[in-house]
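Asker: After the structure tokens below, expect a handful of questions from me.
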Amino acid sequence: MGDRRKDAVVVVGLGRFGGALALELVREGTEVLAIDSRRDIVQRMAGRLTHVVAADSTDLEALRELGVQEFRRAVVAIGSDMEASILTTSLLVELGIPDIWAKAMTGQHGKILERVGAHHVVFPEHEMGQRVAHTVQGTMLDYIEMDADFAMIKMVAPKSLVGIPLNASPLRKKYRLTVVAVKHAGGDEDFTYATAETVLQAGDVIYVFGRTEQIEKFNSEIS
């Protein structure tokens, strides 16, 4: 399969999640083959996506005719029809696609997707709920879960970190967290990498990376 399309992505299901994903990939210059069984959705997206077709993703021959087996990556973004989501995922596995992402609506749905061969299972609604829950507390500007145990937060530098080098702050020793980037207050420059010698100023915006439990502890104790 040396001729697989290395950077292209198949997106199956053009609902709110799948449609937004496909559009963002296209904006980033990624080739996308978008598939949905609903012709009205396909017609609406035809002017915005390069390759969008109306087809039944639970039909193996239909997928073969579209050349889906030539792609390395696929995203099953089907939401409400759990049966179609699971069957489509299993067919993509049968076609030998090496990197399959699948959207799950429930924990049980996610487990089934993993059993039929999905390499990555995502819970968009749950993950967005987590981000909103963290940001509405006021201390974080954004919260990004990087993995099961790691996260990155964007926040205004708290008083306890201002005016001293990062290697002298409690961030590393007490919380085992790392400031990876900083945007200084009042400056025109963009984010720059932080070092052990970086001294934060009041109003600086920082990105902090580390284990989720330590970020939660840090967020609850900072001043």
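Asker: Just to be sure I understand the filter: pairs with C-beta atoms under 9 Å, separated by 6 or more residues or on different chains, first member in the stretch 25-38 and in contact (Cβ under 8 Å) with a residue 12 or more places away in the chain, second member open to solvent by 70 Å² or more (accessible area, probe 1.4 Å) and in a helix (DSSP H, G or I). Which pairs pass?
Answerer: Pairs found: Thr30/Glu24.
Asker: When both residues are 6+ apart or on different chains and their Cβ atoms are under 9 Å apart, which pairs have a first residue that lies in the stretch 195-223 and is farther than 15 Å from Asp149 by Cβ, and a second that is surrounded by fewer than 16 Cβ atoms within 10 Å (Cβ to Cβ) and aromatic (Phe, Trp, Tyr)?
Answerer: If the second residue must be surrounded by fewer than 16 Cβ atoms within 10 Å (Cβ to Cβ) and aromatic (Phe, Trp, Tyr), the pairs left are Val205/Phe191; Ile206/Phe191; Tyr207/Phe191.
Asker: In addition: What residue, among those in the stretch 175-192 that are in contact (Cβ under 8 Å) with a residue 12 or more places away in the chain and not in a strand (DSSP E or B), is farthest from Tyr207 (Cα to Cα)?
Answerer: As a first pass, look at the stretch 175-192 and keep what is in contact (Cβ under 8 Å) with a residue 12 or more places away in the chain: 175-186, 191.
Narrowing the set further to residues that are not in a strand (DSSP E or B) leaves 175-177, 184-186, 191.
Working: Tyr175: 15, Arg176: 14, Leu177: 10, His184: 12, Ala185: 14, Gly186: 17, Phe191: 9 Å.
Across the stretch 175-192, the extreme among qualifying residues is Gly186.
Asker: Just the residues that are within 12 Å of Leu171 (Cα to Cα) and open to solvent by less than 70 Å² (accessible area, probe 1.4 Å), please, taken from the stretch 182-223.
Answerer: Step one: of the stretch 182-223, the residues within 12 Å of Leu171 (Cα to Cα) are 196, 208-210, 214-215, 217-219, 221-222.
Across the stretch 182-223, the qualifying residues are Ala196, Val208, Phe209, Gly210, Gln214, Ile215, Phe218, Asn219, Ile222.
Asker: Which condition does Leu60 not pass, out of (1) within 17 Å of Ala118 (Cα to Cα); (2) free of Cβ contacts under 8 Å to residues at least 60 places away in the same chain; (3) within 24 Å of the chain's Cα centre (by Cα), if it passes all the others?
Answerer: In the conditions (1) within 17 Å of Ala118 (Cα to Cα); (2) free of Cβ contacts under 8 Å to residues at least 60 places away in the same chain; (3) within 24 Å of the chain's Cα centre (by Cα), Leu60 misses (3) alone.
Asker: Answer yes or no: is there a residue in the stretch 157-167 that is basic (Lys, Arg) and either in contact with a strand residue (DSSP E or B) (Cβ under 8 Å, 6 or more places away or on another chain) or open to solvent by less than 50 Å² (accessible area, probe 1.4 Å) (or both). Spell out how you get there, then give the answer.
Answerer: First pass over the stretch 157-167, keeping only residues basic (Lys, Arg): 159.
Retained after the next criterion (residues that are either in contact with a strand residue (DSSP E or B) (Cβ under 8 Å, 6 or more places away or on another chain) or open to solvent by less than 50 Å² (accessible area, probe 1.4 Å) (or both)): none.
The answer is no; no qualifying residue exists.
Asker: Would you point out the residue of the stretch 63-104, among those that are in contact (Cβ under 8 Å) with a residue 40 or more places away in the chain and charged (D, E, K, R), that is least open to solvent (accessible area, probe 1.4 Å)?
Answerer: Step by step, filter the stretch 63-104, then rank; the result is Lys103.
Table: residues versus (1) among the charged types (D, E, K, R); (2) in contact with a helix residue (DSSP H, G or I) (Cβ under 8 Å, 6 or more places away or on another chain); (3) closer than 16 Å to Ser37 by Cα.
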position	(1), (2), (3)
Leu60	no, yes, yes
Gly79	no, yes, yes
Met82	no, yes, yes
Ile100	no, yes, no
Glu114	yes, no, no
His120	no, no, no
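Asker: Now for a different question. Output the residue which, of all residues in the stretch 127-156 that are assigned to a loop (DSSP other than H, G, I, E, B) and open to solvent by less than 70 Å² (accessible area, probe 1.4 Å), is modelled with the lowest pLDDT. Reasoning before the result, please.
Answerer: So the first thing to find is which residues in the stretch 127-156 are assigned to a loop (DSSP other than H, G, I, E, B), and the list is 136-139, 146-149.
Cutting the leftovers down to open to solvent by less than 70 Å² (accessible area, probe 1.4 Å) gives us 138-139.
On the way: Gly138: 53, Thr139: 64.
Top of the filtered list is Gly138.
The values are calculated or read from the model by the stated rules, or taken from the named source; none is laboratory data. Small disclaimer: the values here were computed from a predicted structure and weren't measured. No Cβ is skipped: glycine too gets one built from the backbone with ideal geometry, and neighbour counts run over all protein chains shown. Accessible surface is based on the protein model in full, side chains and every heavy atom, while ligands, DNA and RNA are left aside. Shrake-Rupley method; radii C 1.70, N 1.55, O 1.52, S 1.80 Å.
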